[in-house]
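Asks: Take this structure first; my questions come after.
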Amino acid sequence: MYAEQTARLLTAFPHLYRGRHLPLTENLMSWGFQCGDGWFALLYQVSQQLTDYASSHPAVHEVIAVQVKEKFGTLRFYVRGADAHIQALIDAVEAESAQICERDGTPGRLRVRQAILKHSVTPADGSWAIMTRCRAKGLRRWQCQREGVRYPFGPTHLNIKNLCALIAQLEYEVSLAQALDRYGMRYDGTPHRGVDDAWNLAGLVLQLF
């Protein structure tokens with residue numbers, strides 16, 4: 001998201017996004033809003049809803065945004081200190097984001113085209129914002145079938161971030177950046193870029209085993 005829109009959100013809702021001043025081991029908002037400007041209105045809407053609700057409900061007054069990003073073609077809004085109502089508000093706006101282009105905010109839908117998962121905008125525009133929606137497992141199977149190769153993965157997998165949290169006896173899952181930091185490592189590359197995430201996870205596995 002561009003700096004101007006980011007500043008508007010941070011200025012309007014400083015308490016919700018106060019985590020941006022914390023180290024990456026505690027909060028990922030220092031990375032900003034990791035999505036396009038097309039979802040600005042959605043973010044402003046849910047930020048206002050969360051702030052209004054928290055201000056009148058002392059039990060969740062300290063709710064804090066931990067990370068805001070695009071994942072699988074829809075908005076992901078992670079918080080700490082939420083109750084069921086706050087989570088319902090977040091679920092609703094995440095679902096709504098599936099119908100709105102992340103790039104320019106126009107109505108759109110999620111679809112597959114030319115072996116790339118994309119989020120389309122209005123038919124009159126005809127342009128594309130490259131966004132995934134299909135579950136990763138289903139995408140991998142589909143790609144293997146398309147290329148005529150055997151699916152290389154088993155029915156289960158090991159979540160390295162969860163493993164790090166268990167080893168550290170934490171009550172919550174850590175991010176990849178937080179896990180690396182615990183072992184004196186820094187992320188090498190661009191966060192959420194598949195090949196870079198894989199490279200850093202591999203280095204983390206070597207530290208664990």
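Asks: How many of the residues in the stretch 60-88 are in a strand (DSSP E or B) and in contact with a strand residue (DSSP E or B) (Cβ under 6 Å, 6 or more places away or on another chain)?
Replies: Here the count works out to 11.
Asks: If you don't mind, there's one more thing I want to ask. Might you check whether a residue that is of a type in the set (S, T, N, Q), surrounded by 10 or more Cβ atoms within 10 Å (Cβ to Cβ) and at pLDDT 70 or above occurs anywhere in the stretch 171-187?
Replies: Checking the stretch 171-187: at least one residue is of a type in the set (S, T, N, Q), surrounded by 10 or more Cβ atoms within 10 Å (Cβ to Cβ) and at pLDDT 70 or above.
Asks: Also, quick follow-up: Please verify whether the stretch 94-101 includes one or more residues that are in a helix (DSSP H, G or I), polar (S, T, N, Q) and at pLDDT 90 or above.
Replies: Within the stretch 94-101, one or more residues are in a helix (DSSP H, G or I), polar (S, T, N, Q) and at pLDDT 90 or above.
Asks: Could you check, for the stretch 37-59, whether at least one of its residues is under 28 Å from residue 170 (Cα atoms), in contact (Cβ under 8 Å) with a residue 40 or more places away in the chain and in a loop (DSSP other than H, G, I, E, B)?
Replies: Within the stretch 37-59 (the criterion being under 28 Å from residue 170 (Cα atoms), in contact (Cβ under 8 Å) with a residue 40 or more places away in the chain and in a loop (DSSP other than H, G, I, E, B)), the answer is no, since none of the residues qualifies.
Asks: On to the next question. Looking at (1) within 30 Å of residue 187 (Cα to Cα); (2) touching a helix residue (DSSP H, G or I) at 6+ places or on another chain (Cβ under 6 Å); (3) not β-branched (Val, Ile, Thr), which is the one condition that is false for residue 18?
Replies: (2)
The values are calculated or read from the model by the stated rules, or taken from the named source; none is laboratory data. Nothing here was measured: the structure is a model prediction, and the numbers come from that model. Cβ coordinates were reconstructed from backbone atoms using ideal geometry, including for glycine residues, and neighbour counts include every protein chain displayed.
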